Amino acid sequence: MLKKDARLKYSQLRKNISKESLLNSSLAIANKTLELPIWKAEYFHIFLPIPEKNELDTTFILSILQGKDKTIVLPKVSGKNQLKNYVLTDSTKLKLSEWGIPEPVDGIELPEDKIDVVFVPLLAFDKKGNRVGYGKGFYDVFLQKCKSDVIKVGLSIFEAEEWITDTNDHDVPLDYGVTPKTTYSFATA
């Protein structure tokens, strides 16, 4: 499947999902993340959902991270294809960006090389760990700046496609893909 076809297909599928089904899927995904070998890490980057795009609700994972006393890092768009990362604290104020993304206004900035685990937003992914986002390249640029052993976890309410055929060198593959029913592992030993 081509990226553009995956974007079209999964944008439409997400648009048609009920709020109840989205909520149930989000909770199931959060519970499945507990099975991943990531919980000894300290710094976790997580995206906040865009409700208008029916993105999965990451607040369940956020609650798990808070319950485990992990350092939570939120992204903020900063210039063309750039993300800055801010530590979530009790005083963090969020504001909707021009794309409807809840982002920190300011705070304690954390360099990419400190982040241990990244929960990666996506529209679709394949059985080889290739992901398809919205096509702006924010996460590919960001993930290339992270340390080489950062763990990349894609979260999707839909199962993996067989193969995304038009990947390129700047695409950063996932280590894991988590859906409500399945945990895919792409990590190499």
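The values are calculated or read from the model by the stated rules, or taken from the named source; none is laboratory data. Here the structure is a predicted model, which means the values were calculated and not measured. Here Cβ is always computed from backbone atoms with ideal geometry, including for glycine, and neighbour counts include all displayed protein chains.
Condition check: within 21 Å of Thr182 (Cβ to Cβ), in contact (Cβ under 8 Å) with a residue 40 or more places away in the chain and small (Gly, Ala, Ser). Does Ser11 satisfy that? So Ser11 fails the test.
Tell me the strands (runs of 3 or more DSSP E) entirely within region 17-126 that contain at least 2 residues that are at pLDDT 95 or above and surrounded by 12 or more Cβ atoms within 10 Å (Cβ to Cβ).
Working: elements: 43-45, 71-77, 83-87, 94-96, 102-104, 117-120.
Answer list for region 17-126: 43-45, 71-77, 83-87, 102-104, 117-120.
Scan region 146-189 for residues that are of a type in the set (Lys, Arg) and touching a strand residue (DSSP E or B) at 6+ places or on another chain (Cβ under 9 Å) and jot them down. Steps first, answer last, please.
Kept after step one, since they are of a type in the set (Lys, Arg), are these residues of region 146-189: 147, 152, 181.
Result: Lys152, single match.
Counting only strands (runs of 3 or more DSSP E) that fall entirely inside region 130-189 and contain at least 1 residues that are among the charged types (D, E, K, R) and surrounded by 16 or more Cβ atoms within 10 Å (Cβ to Cβ), the qualifying elements are 151-155.
I'd like the full set of residues that are hydroxyl-bearing (Ser, Thr, Tyr) and more than 11 Å from Leu174 (Cβ to Cβ), limited to region 119-159. Break it down stepwise before answering.
Filtering region 119-159 for residues hydroxyl-bearing (Ser, Thr, Tyr) gives 134, 139, 148, 156.
Within region 119-159, Tyr134, Ser148 qualify.
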